[in-house]
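Working notes, structure below.
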């Protein structure tokens with residue numbers, strides 16, 4: 001059986017928001033990113049969480065951020 005070669009550019013863009021099914025998933029994702037301490041990744045993760053929350057059954061119920069944990 002022959003296999004067709006493909007390039008990484010041919011793959012679809014990964015969208016993590018589609019895998020965050022509910023507020024618990026969103027909170028766990030944000031917690032993990034905060035614990036890693038990368039502020040640029042946190043900025044990206046907040047956008048991902050916002051996109052995911054619009055699909056979440058209770059997207060307006062995201063837990064408030066603890067400002068102390070962001071420093």
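The values are calculated or read from the model by the stated rules, or taken from the named source; none is laboratory data. Being a predicted model, the structure only gives us computed values, none of them experimental. Positions of Cβ are generated from backbone atoms using ideal geometry, with glycine treated the same way; all protein chains shown enter the neighbour counts.
If I ask for residues that are farther than 11 Å from residue 52 by Cβ and either in a helix (DSSP H, G or I) or touching a helix residue (DSSP H, G or I) at 6+ places or on another chain (Cβ under 8 Å) (or both), which ones from segment 6-19 would you list?
Narrowing segment 6-19 to residues farther than 11 Å from residue 52 by Cβ: 6-14.
Once the filter is applied, which keeps residues that are farther than 11 Å from residue 52 by Cβ and either in a helix (DSSP H, G or I) or touching a helix residue (DSSP H, G or I) at 6+ places or on another chain (Cβ under 8 Å) (or both), segment 6-19 yields 8, 9, 10.
Show the residue pairs meeting these rules: Cβ distance below 6 Å; 6+ apart or different chains; first residue within segment 20-47 and at negative phi and part of a loop (DSSP other than H, G, I, E, B); second residue exposed (fewer than 11 other Cβ atoms within 10 Å of the Cβ) and at pLDDT below 95.
Close Cβ pairs satisfying both conditions: none exist.
Which one of these does residue 58 not meet: (1) loosely packed, with under 10 Cβ neighbours inside 10 Å; (2) modelled with pLDDT of 95 or more?
Answer for residue 58: the failing condition is (2).
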